[in-house]
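*Asks:* I have a structure I would like to understand better, so I am pasting it below and will then ask my questions one at a time.
The values are calculated or read from the model by the stated rules, or taken from the named source; none is laboratory data. What you are looking at is a predicted structure, and each value in this text was computed from that prediction instead of being measured. Positions of Cβ are backbone-derived with ideal geometry, glycine not excepted, and every protein chain shown enters the neighbour counts.
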Amino acid sequence: MTIVVTGSAGHLGEALMRTLRAANRPALGIDLRPSPFTDRVGSINDRGFVGESLRGARVVVHCANLHKPHVATRADEDFLITNAAGTLMLLETAVDAGIEAFVYTSTTSVFGSALTPAAGEPAAWITEDVAPIPKNIYGATKQAAETLCELYARQRRLPAVVLRTSRFFPEADDDPRVAAAYDVANAQVNELLYRRVDLEDVVSAHLLAIDKASTLGFARYVVSATTPFSRDDAAALREDAAAAARRLFPDYEAIYAKRGWRMFPSIDRVYDSRAAVAELGWRPQYDFRRALDSLAAGRDFRSPLAQAVGVKGYHGG
């Protein structure tokens with residue numbers, strides 16, 4: 001069963017190709033950019049190229065897109081062409097090619113303004129039931145692509161699973177205030193409490209989605225590291241995140257202190273991935289507790305796969 005991976009030169013695309021090749025599973029990587037994990041170079045908006053790439057395949061994992069950092073450097077039209085029209089091209093061609101499963105990598109950024117509660121309100125608890133309110137062209141086009149996947153699943157009987165992934169990129173925070181105030185690793189370990197997921201866990205979610213797509217027909221999941229918090233913690237997280245973390249992890253401050261790290265003063269949202277755990281059988285391994293144990297032992301808190309893929313950046317191509 002050949003699996004076509006779009007965006008094979010990117011973080012997730014490379015991680016998927018590495019994993020599939022290591023397992024001796026037939027896989028074809030496509031991307032606009034050449035890379036050791038790209039088998040065919042071309043555009044997902046080129047019908048001929050896509051048709052040739054999908055010939056004989058049974059699964060499409062669609063990771064290629066313009067990302068949030070590109071909002072500052074690319075025109076809105078570019079997002080429409082790549083994120084929305086490119087997904088439509090893949091869906092159309094997938095139906096013609098008899099593809100049996102389509103897995104789409106979306107983002108928690110589609111929730112947009114729903115992620116930021118009003119002053120004095122508890123942290124937002126984000127599940128699949130929260131209505132997206134995109135606040136930029138990136139979120140809007142990712143939501144449009146999700147809707148196209150659902151349309152093709154309902155009307156064209158193309159099994160499709162949408163995975164709304166939280167942060168897994170290794171780069172510094174795109175908020176200059178956070179980037180200036182916190183070491184990159186400090187910020188990313190903090191985020192494992194509520195808005196980050198390790199690359200290896202993202203890959204495992206995608207592989208499970210491939211296996212479950214035909215049974216599900218269509219489904220949409222939040223994919224983020226398991227949060228240790230519950231809805232009852234939402235007010236405390238917004239008011240004093242350090243105290244909320246200390247209650248569950250009394251050792252974290254000592255581990256942080258050795259590195260000069262600190263917790264964010266407030267947490268405004270929590271991604272709840274319990275549906276992916278229950279329905280996909282997903283078992284994320286890299287959470288805040290594991291990160292603390294790794295730091296205490298002097299090890300990298302990231303998975304070996306995340307370390308191998310490394311930092312790529314977004315604006316180079």
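*Asks:* Pull up segment 268-317, narrow it to residues that are among the acidic types (Asp, Glu) and assigned to a helix (DSSP H, G or I), then point me to the one that is surrounded by the fewest Cβ atoms within 10 Å (Cβ to Cβ).
*Replies:* 293
*Asks:* Now for a different question. Give the number of residues within segment 197-216 that are among the aliphatic types (A, V, I, L, M) and touching a strand residue (DSSP E or B) at 6+ places or on another chain (Cβ under 8 Å). Step through it out loud before you land on a result.
*Replies:* Residues of segment 197-216 among the aliphatic types (A, V, I, L, M): 197, 199, 202-203, 205, 207-210, 213, 216.
If we keep only those that are touching a strand residue (DSSP E or B) at 6+ places or on another chain (Cβ under 8 Å) too, we end up with 197, 202, 205, 209-210, 213, 216.
Adding up the residues that qualify gives 7.
*Asks:* Please find, among 23, 75, the residue that is modelled with pLDDT of 95 or more and surrounded by fewer than 21 Cβ atoms within 10 Å (Cβ to Cβ). Talk me through it step by step, then tell me what you get.
*Replies:* Numbers: 75 fails: modelled with pLDDT of 95 or more.
Step by step, each of 23, 75 is checked, and only 23 is modelled with pLDDT of 95 or more and surrounded by fewer than 21 Cβ atoms within 10 Å (Cβ to Cβ).
Okay, residues lined up against (1) in contact with a Lys or Arg (Cβ under 6 Å, 6 or more places away or on another chain); (2) of a type in the set (Lys, Arg); (3) under 25 Å from residue 80 (Cα atoms); (4) at pLDDT 95 or above:
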residue: 134; (1), (2), (3), (4): no, no, yes, no
residue: 153; (1), (2), (3), (4): no, no, yes, yes
residue: 181; (1), (2), (3), (4): no, no, no, no
residue: 200; (1), (2), (3), (4): no, no, no, yes
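*Asks:* On to the next question. Scanning for something under 18 Å from residue 144 (Cα atoms) and without any contact (Cβ under 8 Å) to a residue 24 or more places away in the chain, does segment 53-66 turn up at least one residue?
*Replies:* No - not one qualifying residue is present in segment 53-66.
*Asks:* Let me ask something else. Restricting attention to segment 134-143, report how many residues are among the charged types (D, E, K, R) and part of a loop (DSSP other than H, G, I, E, B).
*Replies:* Here is the first cut: in segment 134-143, the residues among the charged types (D, E, K, R) are 135, 142.
Keeping just the survivors that are part of a loop (DSSP other than H, G, I, E, B) gives 135.
Qualifying residue count, segment 134-143: 1.
*Asks:* Please name all residue pairs, on different chains or six or more residues apart, with Cβ atoms under 8 Å, provided the first residue is in segment 115-135 and is closer than 13 Å to residue 222 by Cα and the second residue is among the basic types (Lys, Arg) and at pLDDT 95 or above.
*Replies:* 125/231; 125/269; 126/269; 127/274; 128/164; 128/220
*Asks:* Could you please find all residues in segment 120-133 being outside any strand (DSSP E or B) and closer than 21 Å to residue 191 by Cβ? Walk me through it before giving the result.
*Replies:* If we filter segment 120-133 for residues that are outside any strand (DSSP E or B), which is where we start, we get 120-123, 127-132.
Those that are outside any strand (DSSP E or B) and closer than 21 Å to residue 191 by Cβ: 121, 122, 123, 127, 128, 130, 132.
*Asks:* Still on this structure: Please go through segment 74-123 and give me each residue that is of a type in the set (Gly, Ala, Ser) and within 19 Å of the chain's Cα centre (by Cα), ordered by number.
*Replies:* Here is the first cut: in segment 74-123, the residues of a type in the set (Gly, Ala, Ser) are 75, 84-86, 94, 97-98, 101, 106, 109, 112-114, 118-120, 123.
Within segment 74-123, 84, 86, 101, 106, 109, 112, 113, 114 qualify.
*Asks:* I'd like the residue in segment 161-194 that is touching an Asp or Glu at 6+ places or on another chain (Cβ under 7 Å) and not in a helix (DSSP H, G or I) and, out of all such residues, is surrounded by the fewest Cβ atoms within 10 Å (Cβ to Cβ). Give the derivation first.
*Replies:* Step one: of segment 161-194, the residues touching an Asp or Glu at 6+ places or on another chain (Cβ under 7 Å) are 162, 167-168, 179, 187, 192.
Of the ones still in play, those that are also not in a helix (DSSP H, G or I) are 162, 167-168, 192.
Details: 162: 26, 167: 22, 168: 24, 192: 26.
Only one residue fits best here, namely 167.
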